[in-house]
Amino acid sequence: MESALQQLEDIEQEALKGIADAEDAESLDRVRVEFLGKKGRLTRVLRGLAAVPAQDRPQIGQRVNEAKERLARAVDARKSAIREREREARLSGPQLDISLPGFGQPCGAIHVLSRTMAEICDILGGFGFCIAEGPDIEDEYHNFEALNIPEDHPARDMQDTFFVHGGRVLRTHTSPVQIRVMESLQPPLQIIARGSVYRHDDDVTHSPMFHQVEGLMVDEGVTFSHLKGVLTAFLQRIFERELPVRFRPSYFPFTEPSAEVDIGCVMCDGSGKADGVCRICKGSGWLEILGCGMVDPAVFAHVGYDSEKYTGFAFGLGVERIAMLKHRIGDIRLFYGSDLRFLKQF
Amino acid sequence: MLLPLSWLSDFLEDLPGAEVLSERLTMAGLEIEAISRPSEGLAKNLVVGRIAGLEKHPNADRLSLCRVDDGEGVRPVVCGARNMKAGDCVVLAKPGAVLPGGVKIKAAKLRGVRSEGMLCSAGELGLAGDEEGILVLPDDLEPGSPAFELLGLNETVLELSITPNRGDCLSIRGLAREIAAVCGLRLKPGFDCEPSFPPAEASFSVKIEDAAACPGYRGLELHGVEVKQSPLWLRNRLSAAGMRPINNVVDVTNYVLLELGQPLHAFDAGLLSGREISVRTAAETQAFVSLDESEFELLPGDIVICDAEGVVALGGVMGGARSAMNADTTSVFLEAAVFAPRAIRRTSRRLGLVTESSYRFERGVDGGGLDRALSRAAELICDLAGAEVKGAASGILPAEAAPSIRVRCGRVNAVLGIDISAGESRDILERLGLTVGAVCEDGNFTAVVPPHRHDLQREIDLIEEIARVKGYDRVPPSMPAVVMRQNSQLPGEGLGRRLRERLRNSGLHESIGFSFCSAGMNRLFPGLHRSDCDAVQLENPLRSDESYLRKSLLSSLFEAFRRNLHNGATNVDLFSLGRSFCGGDPPGEIDALAGLLWGPRRARGPGSAGAATFWDGKGVLERALLPELGAAQLEWTVCAERPEYHPRAAARLSVDGRHLGFLGAVHPLVSEHLEIPEEIVVFEVDTRVLLEYAPLERALESIPRFPASTRDVSLLVPSDMLAAEVIGQVEGLREELLEQVSVFDEYAGSGIPEGRKALAFSMVYRSGERTLTDDEVSELHGRVVAHLLSSLPVALRD
């Protein structure tokens, strides 16, 4: 029995040395298997108990198990130590260059006019307006006559027109959509018509094609005061500030009373001064932003609405104008140049 | 319309300053576009000079050296003009003067000769006039006297934008009347006095053949006219109002036009044939030579003024050459008439001839002002040209009764949303010159419109006037009550937004191009559907290469591509959502999506890194479109017949057998034609088809509980075989345990026999009930491969 115990002692000492000498997880595991594995040397000692006198077996068995526990603890401790050392080594590696650019395909861009159009439609949608559309190539009736712009009337000068072979026109405004909607629906209605419109005009501030959003609300009891309320709220939302809004009398054949709406200049905050005279508002402190008015009874007559019973307001605004002011874009032609150096900015 | 304030104050008392006036008029609907103020830089250093001597510049052929008497002495001035002579009075800008353009005058040596000032032209002083050379003044002026006020340069001028309904505001007098009403100013005494028409026997008879075309015609014959330059005060006023002085008679007609809004025409009475003027519309096509010697073709319907020989003037638009005023004219026939606005507009538009006269007639001239205008003109011509009235002519038709309009106080408030009393409404209309009746018990009253306000015909017109004069700022803003209904948005709205998002996430940039294009681009890109349809052509394009509407969005994208190429872009990935057009009655409009990919990119699938490939485009389209199609799948078939696509690298897309669009590499001929690189991938899709599908509402598929086994197979197949054929065969087996088959490599080249290519497939096997054993999977995979080898002309690649 003594010799068995001595042998046990020797094995344990040898194992402890092996554990202490293990430099990495792999060699530690080899030591563990050699001594503690199913066929390991300590296990073999247990198996060799058959040769030990029966009265000694419990004691030796107990000693073997104690040694096993001690060695297992030693392996765990060594394992932790090795892991810690390796972790330390990993953590003390070179500094990553966090300034190198990120990977992955760069994003494209949605055109600033589409984004502005969506913003406008979202705000007005929140006010209860639904979107409507109509054709770009219109007949003269819907583009002019039904909107109270008779042939040979000077009001046609306000909208230089592209004519299409076969007697149609490119719509000069989105107002014909109003007519088309009113021809098919009865009040109350609240719509916005949006899309491309065309004018025979081309310079720094005029583009032969541009985009409009037109609003129309018809019901009993709709007033000019409502028009002011809706447009003031809209303009303050789209420009995201409490800017001053003024309505001044103007003339459109399809509305009466008609108004042009100015907002306090977004560049100089209405002071008219920014580095001398403000370039944007030319010193007036005001910027013309849209046209509007109460739907003219003559328009209602064309679509068969009773203008004694119903009143309505309409407004039309240029999407480019709003995008130019919001994003400080000075030349309307940039929108249509498709220059990636422009497109990528939005 | 230019409004010189000194002229306005002939009619108005106590005119406020330009700023105040401008603000108040703008808020009353008379928009002030600009205020032009006196140029202070000229106030001190601008004097009358007399040319004491004149010689050629010693060192320059085109320059003269003038000795100019400035009242204090004689100074040398070098001048480039040639229209002056010794003894002329001219305008001298002395050193220190600043011209309206910002140029500061300094004493300097010009080609070696000292010059102490500058002789000015009308244009350099900011005056109207396009005569060559410097301004020569009347020669009775005193050298050294200040020229600033003498030339009317101390004038402040408002530039108004008059809306087309306000023809009555196209004159100084009309504006004075309007300004008095909206600003509460007092008109000067005599504003409304009827002038005394010069007594004269009728020397011409007037025959109006078309009363609708010309409701009124008056004339005066003046003899003893001496045609010469107008005096400075008249020239100054015309200049300030933007008109070029010509001679005393023409200047007077223009002066009266500006002041009273009534166009006048002066004929040389000696050149008129016979003693009858007839006004009619042209009966047939005929030629007409205008007083500026331009030739026009008249059509039936044009209003003409005729003498015994024929047409002498295009009524309301322009006089003719045959009877035009000239330097030898001694007798004048002065015409004041009213013409039908629409006829004038038609003629003026058609001939491209917009004159001060036609502009006013189009917008409506008050027929009641003929005598006032004629007598004012006669008075001035007699005064300035030494003439006297010899005869008259008259063809006045009875005026239409002015409309009487009922104004309901309740209606006024219902439209405006304010509370304005009937009394206040009535007062406002009275201020505007309407004749108003007493307010009845129900709050209503009647108003009779004065002849100059032909734009007021209905109650709503008067409601606008009430709001305008009261001030729009007096209407409080309020929100309408709206029905909070389900916001039924246009289906295309959401689709467009989703497509934009996904294409943006795929790295494409949205481009918005004009709908116009050239005939050539329409031939290259014939569009999605009926490639044989006619293009929509514009009658009046701005440019010849923009004379059609695009049949395909690709036209716009290729223009955008070329511009970016020109700007040095190395990668161009663009898309556009918009309309394309094709002819017909009515013309067709297609909502479409198109895209263009060009330039190097990383490999993301079959094919090597480098140029954009068909598969780059396919990936973009699948990511964009598949989420829109619900359970439906995109179908791809080889497309070899479209002229704009490469016949070996293009596909037709469809869904449920319906044509959706095309994707492919561009045909080399397109690149050659447009002089652009090859290896461009484009696509075009009819987005209307997508609207018929609802984006899939996804229900959760259960997550597999057992592991899958994957086996690969690499096959040698004929080069033109599509991977889809192999996949189709595999799927045709309907092996329950075969979960998925996909292609992961395509290769041709070294090691692969001619006419063949290698395709590698990956098969995923899985059971929903247990873990498959290795042997089971191998046996199954063997069966699948054996099927392929037996049913297709393919071989295993070793």
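The values are calculated or read from the model by the stated rules, or taken from the named source; none is laboratory data. Computed from a predicted model, the values in this text were never measured in an experiment. For neighbour counting, all protein chains shown are included, and Cβ atoms are generated from backbone atoms with ideal geometry for every residue, glycine included. With ligands, DNA and RNA removed, areas are computed over all heavy atoms of the protein, side chains included. Shrake-Rupley method; radii C 1.70, N 1.55, O 1.52, S 1.80 Å.
Observations
- Residue of A:G40, A:G285, A:G272 that the Gaussian network model of chain A assigns the largest fluctuation, springs spanning Cα pairs under 10 Å: A:G40
- Size of electric dipole in region B:335-375: Cβ of Lys, Arg +1 and of Asp, Glu -1, about Cα centre, debye, nearest 20: 340 debye
- Split the accessible area of the protein assembly as shown by element, probe 1.4 Å, and carbon with sulfur accounts for 50%.
- Separation in nanometres of the label points that stand 7 Å from Cα toward Cβ, at A:H327 and B:E424: 4.5 nm
- Pairwise Cα inverse-distance average, inverted: Kirkwood Rh of region A:163-245 (Å): 15.2 Å
- Rounded Å value of the spacing that divides the Cα centres of region B:345-398 and region B:187-262: 6 Å
- For the residues B:W598, B:W615, a 1.4 Å probe over the protein chains yields an accessible-area ranking, largest first, of B:W615, B:W598.
- Förster radius 22 Å - calculated FRET efficiency between B:S36 and B:E149, Cβ distance, rounded to 0.05: 0.85
- The string of couplings for region B:80-89 from the Karplus curve (6.51, -1.76, 1.60, θ = phi - 60°) is x, 7, 10, 8, 10, 9, 4, x, 5, 8 Hz, one whole number per residue in order, with x for Gly and Pro.
- The label point for B:A287 and the one for A:E86, both projected 7 Å from the Cα toward the Cβ, are 10.6 nm apart.
- Panel note: contact residues of region A:78-111 (accessible area lowered by at least 40 Å² against the chain on its own; 1.4 Å probe) correspond to A:Q105, A:C107, A:G108, A:A109, A:I110, A:H111.
- Gain in span if fully extended, A:V33 to A:D203, counting 0.36 nm per residue against the direct Cα distance: 52.5 nm
- Averaging Cα coordinates gives a centre for region A:61-93 and one for region B:25-91; these two points are 106 Å apart.
- Charged side chains reduced to their Cβ positions (Lys and Arg at +1, Asp and Glu at -1) give region A:112-343 a dipole of some 940 debye around its Cα centre.
- Using θ = phi - 60° and Karplus 6.51 cos²θ - 1.76 cosθ + 1.60, couplings along region B:674-687 (whole Hz; Gly, Pro as x): 8, 6, 10, x, 8, 6, 10, 10, 10, 9, 8, 9, 7, 6
- Area accessible to solvent at B:H667, 1.4 Å probe radius, in Å²: 40 Å²
- For region A:112-343, the solvent-accessible area works out to 33 Å² per residue, with a probe of 1.4 Å and every protein chain left in place.
- For B:A147, residues with placed amide H under 5 Å, excluding near neighbours: B:L46, B:V47, B:V48
- Cα shape, region B:117-255, gyration tensor, a/c 1.5 rule: oblate
- Taking trypsin sites (Lys or Arg not before Pro) across region B:61-162, the ones in a DSSP loop with at most 10 further Cβ atoms lying within 10 angstrom of their Cβ are B:R62, B:K85.
- Near-label residues of region B:368-412 by backbone N, under 18 Å of a point 7 Å along Cα→Cβ of B:H223: B:378-379, B:381-383, B:385-393
- Helices in chain B, meaning DSSP H runs of at least 4 residues, each add -39500 (n - 2.57). Divided by all residues, the mean residue ellipticity at 222 nm is -7500 deg cm²/dmol.
- Accessible-area ranking of B:R177, B:R770, largest first, probe 1.4 Å: B:R770, B:R177
- Here the label points at B:F744 and B:R642, each 7 Å from Cα along the C-beta direction, are separated by 3.2 nm in the simple model.
- Region B:730-798, Cα convex hull volume normalised per residue, Å³: 98 Å³
- Here B:E441 and B:V354 are evaluated by their C-beta separation; at R0 = 41 Å the FRET efficiency comes out at 0.20.
- Surrounding net charge for B:A438, when Lys and Arg each add one and Asp and Glu each subtract one, Cβ distance under 14 Å: -2
- Rounded FRET efficiency, nearest 0.05, which uses the C-beta distance separating B:A321 from A:S271 and R0 of 60 Å: 0.60
- Length added when fully stretched, B:K109-B:C533, from 0.36 nm per residue minus Cα-Cα: 145.6 nm
- Between A:S207, A:S99, A:S184, the residue with the greatest mean-square fluctuation in the GNM of chain A (Cα pairs under 10 Å linked by springs) is A:S99.
- Listed residue pairs exceeding 22 Å between alpha carbons, taken from A:K17/A:K39; A:K309/B:K470; B:K85/B:K228: A:K309/B:K470
- Positive minus negative residues near B:E388 (Lys, Arg vs Asp, Glu; Cβ under 15 Å): -4
- Taking the Cα centre of the protein assembly as shown as origin and assigning +1 to Lys and Arg Cβ atoms and -1 to Asp and Glu Cβ atoms, the resulting dipole is close to 3520 debye.
- For the pair B:E209 and B:L669, the difference between a 0.36 nm per residue extended length and the Cα-Cα distance amounts to 159.0 nm.
- Ellipticity estimate at 222 nm from DSSP helix runs (n ≥ 4, -39,500 (n - 2.57)) divided over chain A, nearest 500: -12500 deg cm²/dmol
- The residue among B:M243, B:I428, B:H646 whose Cα reaches farthest toward the positive pole of the charge dipole of chain B, with charges on the beta-carbon of Lys, Arg, Asp and Glu, is B:H646.
- Region A:2-91 pair-distance distribution - Cα-Cα, 5 Å bins, rounded %: 3, 14, 24, 21, 14, 10, 7, 4, 2, 1, 0, 0
- Percentage of interatomic Cα-Cα distances in the protein assembly as shown larger than 47 Å: 54 percent
- Considering all C-alpha pairs of region A:112-343, those separated by over 29 Å amount to 27%.
- Each residue of region A:106-117 was assigned a 3J(HN,Hα) from its phi angle through the Karplus expression (A = 6.51, B = -1.76, C = 1.60, θ = phi - 60°), giving x, 5, x, 8, 9, 4, 4, 6, 5, 5, 5, 4 Hz with x at Gly and Pro.
- A cut-off of 5 Å between modelled amide H atoms, ignoring neighbours fewer than 5 places along the same chain, links B:A200 with no other residue.
- By the Cβ-Cβ criterion of under 4.7 Å, the unpaired cysteines of chain A are A:C107, A:C121, A:C130, A:C292.
- 14 Å reach of a label modelled at B:E697, 7 Å along Cα-to-Cβ, counting backbone N of region B:610-645: B:630-631
- What the Cα convex hull of chain B gives, in volume per residue, is 275 Å³.
- Averaged per residue, region B:10-54 has 45 square angstrom of accessible surface, using a 1.4 angstrom probe with ligands and nucleic acids left out.
- Averaging Cα coordinates gives a centre for region B:535-566 and one for region A:255-313; these two points are 33 Å apart.
- Neighbour net charge for B:L397 - beta-carbon separation under 15 angstrom, K R +1, D E -1: -2
- Most mobile of A:L227, A:L42, A:L325 in a GNM of chain A (Cα contacts under 10 Å): A:L42
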